Every structure is written in C-alpha cells, then in structure tokens.
1. Find the residue count for the range 454-498, including only residues that are farther than 25 Å from Y512 by Cβ, outside any loop (DSSP other than H, G, I, E, B) and open to solvent by 40 Å² or more (accessible area, probe 1.4 Å).
2. Taking the range 281-304 as the search range and keeping residues that are among the aliphatic types (A, V, I, L, M), crowded, with 22+ Cβ neighbours inside 10 Å and farther than 17 Å from D553 by Cα, which one is modelled with the lowest pLDDT?
3. Pick from F387, F460, F393: which is in contact (Cβ under 8 Å) with a residue 24 or more places away in the chain, within 32 Å of the chain's Cα centre (by Cα) and more than 18 Å from Y533 (Cβ to Cβ)?
4. Out of curiosity, is M498 over 16 Å from the mean Cα position of the chain (by Cα) and either within 30 Å of H340 (Cβ to Cβ) or at pLDDT 95 or above (or both)?
5. So, E604, is that one at pLDDT below 90, acidic (D, E) and more than 30 Å from D382 (Cα to Cα) or not?
6. Check whether at least one residue in the range 264-271 is part of a helix (DSSP H, G or I) and either open to solvent by 40 Å² or more (accessible area, probe 1.4 Å) or under 15 Å from L376 (Cα atoms) (or both), and report yes or no.
Amino acid sequence: MHFFYGQLAWQPNAATTQEGVAQMMAALATYPWKEGGALPLIVQNGDGALAIQQAGEAGRSLSRPLHQNGLTIAADVRLDNRAELLTALGMHPAQGATLSDPELLLHAYRRWGIECPQHLLGDFAFALWDESQQRLLCARDFVGTRPFYYQQRPGQGFVCASDLRALLAHPDVPQRLNLAYVKAELLTGMGQFQHPAHTYYAGVEKLPPAHALTVDRSGLRTWAYWQPGRTPERRYANEADYVDEVRQLLHEAVACRVAEAAHGVGAHLSGGLDSSSMAVIAHRILQAEGRSVTGFSWAPPFSIVAPNDTPDKDDERPLVEDVAAAAGLPLRYTILTPEHALAFARRDHTRQPTTTLQLELSTSQDAAGLGIRTLLSGWGGDELLVFNGRGYFADLLRRGRWLTLQQEFVARGELHGSAVWKQWIASGLFPLLPTGLMRRLRPDDFPPPSGLPAILRPDFAAALADIEPLVRPELRERPGVRRMQIALLENGHLPYRMESWASHGATLGLTYAFPLLDQRIVEFALSIPDSLYFQKGWKRYLYRAAMDGILPDEVRWHKVKEDPAMAEQSRQVQKIAAPALRDELRARATNPFVDVEKLIAAEEAVAGKVDAALSGGDRRAMRRALLARRAATGGGWLAYVDPAVDLW
C-alpha cells in the first residue's frame, strides 16, 4: 500500500505549498512506511504550485511521484489488467514488463485522457497533474478499496490525501464538524453513519467509489465512470457453466492480490463460505511457490470461552478447524484483552474510521507480529456473489411465478423448519408493501427516530437542533435481487469498512485485500439469473455449488452461521474493561459535546439488560436490548473527538 498527499495552490508561493504537504506527512510519522524522497515534489504551474509527497511499504519498490513529459502522478495502485492495457496501447509485453503500475497509468492517460479510469482494473486511488492542460485528474477504483479524501477552496486551491488524518493536518483545511452528518448518526440510534461521500468534517469530502474528478482554475467537476445498473446479463444453457466461471474468476481475483505479496500472507477464516474460500484458494496458489497462508479466526481459542463445555451446536470453531485441516493451512484464533476494548473505545472515529474493528484490532496485531503484510478478507461477498437472494421471492410473487415460489418455500421449510404460509407473508408479501404500512405491521424492524440523546451538552444539542440531517438510505427488502445488490453496493458501508481497515492497517504496515470485490466478480454477480442465488431451499446456492472440492461439505451446506463463542468473549472482555472504560470517559469530562456523568449513568442503567440478552441467545431480545443501549448512550463516541475542532 502506498500513501500520497498533495496540494494544488493557485498562488505562486511554492514554499507554503511544500510546507503544507510536509505537515500532512508528519501527521503519520509513526507509521511503518518509508518516505518517497526527503521532500515533496514541487511542480510549478501557471499561477501557483503543485506539491505531492508519497510513501510506501518499507522494502517494496517505490519511486517518488512520477514526473514525465509534463505529467505528474502520485498513486496507490495495483493494476490487474496490464496485458489488456498493453495491447490497447500498442505496446509489446517486453516493454510493458519494465513499467511500474503508475507508469502504465500515465500511458493510459496519454491514450484516453480523463476517461482512462474506466479502462483500469484493480485497486487504485491517484492524483495526476497535466501541465499542458493545467488540470488535476483524481480517481478512485470502482468499489472504493483505496481511500481518497479531499478539500477544495474555490479559486484558491485543492488538498487531497489517501489518509484522513493527513488531510486534517494540513494548515489550510478547517476542522469544523459537519453537523448534518453528526445529527444523522445521532438521530436514528442505528450505529455509525457510513456515507459514500460525506465525512464528519464540513468541507472534507470522500471521492465516491467509481468516480473521478478534475480540478482546474474554473473549478471542480466529478462524475461516475462506472455504474452497476449497466452490467449486461449473462444467460448460459447449463448451471455448470456458471460454476466454472465462478471458480475461474475467484482464482484470478485471489492470484492478483497475492502476486506482489513479497512478505507473509494472511486471510480471515470464519467457517463461512466467503472468507474460508478466500483463505483456501490463496493457500493453494501460494503452495505452488512453496509458501502458505495463515488463517485468522475472530473466534477465541477453545480454552478462552467455556473451556470445559462441548461446543455449542452453532459454534463456528469446528467448521473453522475443518477448513484449516482440509486445506493444511496454519490457523490462529483471536484473543481479546481489556486493552483491546480500551483501544477501540478511545479511537476518534471522526478521524479514524472505526467500523467492525472491535475484533480486528487483535487479529491485525497478531498478523503484523508474524510478519504478515497482506491480509485477505471475504468482505463484500454477502452483498454480491455470496448474496442470500433477498428480493427473489417478492419478485416471483409480483411476476406471478407462484408455483416456483411455493416449491422454494416448501424446500426451505424442510431445511429450516419454517411454516410455508409464514414465508408467503414475510418473504413474499411484506417486501411489496409500502414502508409506512410495514412500520405498523413490524415495529421492531423499524425503530422510530429516538431524538437527540439526553447525554449531549445543552449548547451542543442547541447547535444541532435546527440542522437538517443527511438522509440515510432505506435498505429494507424490496422485490428484485439485482435491485437489492445495487442498493447495498451504493449504500456506503462497503467503502467505509475498507477505509476503516486501511486506516488501521497502515499503522501496522498491513494492506487489506478483498478478492470478492474484484470488478470482474462484481459484474458477474450483477449479471446472472436471480434463481442462482436461491435454489432448492438453499440461499447462496451458486456459490455453495462452486465450492465443491474447495470447502468441506459440512461448510458448504451449513445452514445457519452463528458466532456464540466470539460474542461471548467480547461480552466477557467488555465486562472486565468496564471500570477502566469509565475512568477513560471521566478523563474526558471537559469535552464540549457530551456530559460524561450522564453517559456513564445511562450505560450502567442498561448494562444489565444488555448483558442478560447477549448471554441468553434470544435474537429478538438482543436486538431490543442493543437498540435500547444505543438510544440511551448514542453519541458517547463524541467524548473522544479532538476538543480542538471547531464546533459550529
């Protein structure tokens, strides 16, 4: 992974521009990366200067930002279609073999100009200055694997970075909370707001996935160079043809991501379909080179949780061990400590995206300690290729395919013991009904807005009162598999997790890779018949079929994925850490956002109910308890926001 930071200033003071970028670099001085040159690269333009700095993994080939024939580029890029690009550019493979990915990207720009991003396949974010056009082109890969943050001051300049903390360190970037964003998170009580473009800071934006932008004297323009709804359909005569293509695509996607992994490679291993398959496929590829993949489970060792008990029937650890044993790959479990709970709680997630890191903090530290620098994840499978088929039944009902619908409900009922008539209502009819009616029929699934939390300080609550919050997208089930997949792809939670893990992984020298979010796989997933996602009573049917010979049958055809041991370890650690967490909060009693004593009292009031629900195993009770805690303590994260930010 490479970092880059840049400033385009429309004034002639190059020294000031250089100093701004140097401060961005200094903000990440503790990261285990080496600088790409002692000073930022300065390019004088017509009325000002462009300054770019780049850093990358120690021991990996790295050059300073490239400056060739009036073009300058800083990039975090891995191109997976080099052969196709060389052919399109009329270049001999031998010539292409000497080019780095950024150099090849420059050739693509010379050929296609600002349309070059749509010809690229891989993970990338870059900033490219064209001196002849006096224009900066920036782009981010189609699913947002690589972060890209920016701030524009019309007529004055543009600042961008691949790490949010670096951008906020620039002296020209104001640190003022985006109250519309904050209020959207606080009102719903549904956890972090994960927007594809906005951040917690006013004027600081993310370049959305599959988007590019240009900046010149006339201003800034953004556009989407790829749209999921335009993927053409695939229709094959035989199911085996789909299975064969899945297996081929998976091999290609994993191979691309481990090809440059000069150091150790790790992979998440959950006992489920997506992460387990990534680990096994990567292990097989590397075995041919005499190397191996280390598997990392978020579940604890058997000795940590209920060591004298037999595993729960839903315990994932026997499945994890089946996968590891069948593939012959080393396996490590996750051991949480109270310090992990403290480290997670004290993170300022306005500056460091923090979603899903509760367990990954420990896993990533373990992996980095073993010398692993590339960590594969199955993230993104559930939304696309390993999708559960939501929307399929309602679409069958809407199109009058009632016999097929009845057959699938009967098959699912035999597998899971669910009544057919209830499935007709819940999975067939309900997705067709208006949201207003569903709120009345299923109030637990549509918790009403809880209002601003009572723990907020009065002046901060008053500042929020007249703010119109950003709108959260609606993700309730609606008819049509592809409709649901596109909604999930565009929601913002996919890039937000990748931004979170990229930000955290950088502190350890780790690069995360997501093969199931490879563009070829995503386009395949959006193009196949809906029936391949749910068939013969089985959700994720096509992927299960494709895993024959890759995953053990007990994993391929496992009905329900639960992680009781993982949840129990987390619950126990949180309980032990609770006194120290309260001390952490009291140390921040002077923060301008939250009344810390009210927050502690609210947490203590609901702690018993939440603990009982989590240990009881009743899903509905868990959901109600967690919603109650969010309503009572929502906004507690504000206590950890840097108090130096401008509030309003």
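1. 6
2. Ranking the candidates gives A299 first.
3. Just one listed residue meets the conditions, F460.
4. So M498 does not fit the description; no.
5. Yes, satisfied.
6. The answer is no; no qualifying residue exists.
So that you can scan it fast, the table gives a plain yes or no per residue for (1) over 25 Å from the mean Cα position of the chain (by Cα); (2) open to solvent by less than 60 Å² (accessible area, probe 1.4 Å):
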{"site": "G537", "(1), (2)": "yes, yes"}
{"site": "E554", "(1), (2)": "yes, no"}
{"site": "H558", "(1), (2)": "yes, yes"}
{"site": "P564", "(1), (2)": "no, yes"}
{"site": "R571", "(1), (2)": "no, yes"}
{"site": "R582", "(1), (2)": "yes, no"}
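Here's the yes/no breakdown for (1) in contact (Cβ under 8 Å) with a residue 12 or more places away in the chain; (2) within 23 Å of the chain's Cα centre (by Cα); (3) outside any loop (DSSP other than H, G, I, E, B):
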residue: F124; (1), (2), (3): yes, yes, yes
residue: L137; (1), (2), (3): yes, no, yes
residue: P147; (1), (2), (3): yes, yes, no
residue: G155; (1), (2), (3): yes, no, no
residue: L167; (1), (2), (3): yes, yes, yes
residue: V173; (1), (2), (3): yes, no, no
residue: F193; (1), (2), (3): yes, yes, no
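The values are calculated or read from the model by the stated rules, or taken from the named source; none is laboratory data. Note that the structure is predicted; figures quoted are calculated from it, not measured. FYI the Cβ positions are ideal-geometry reconstructions off the backbone, even for glycines, and counts take in every protein chain you see. Each accessible area value is taken on the protein alone, full model and side chains, heavy atoms only, with ligands, DNA and RNA left out. Shrake-Rupley method; radii C 1.70, N 1.55, O 1.52, S 1.80 Å.
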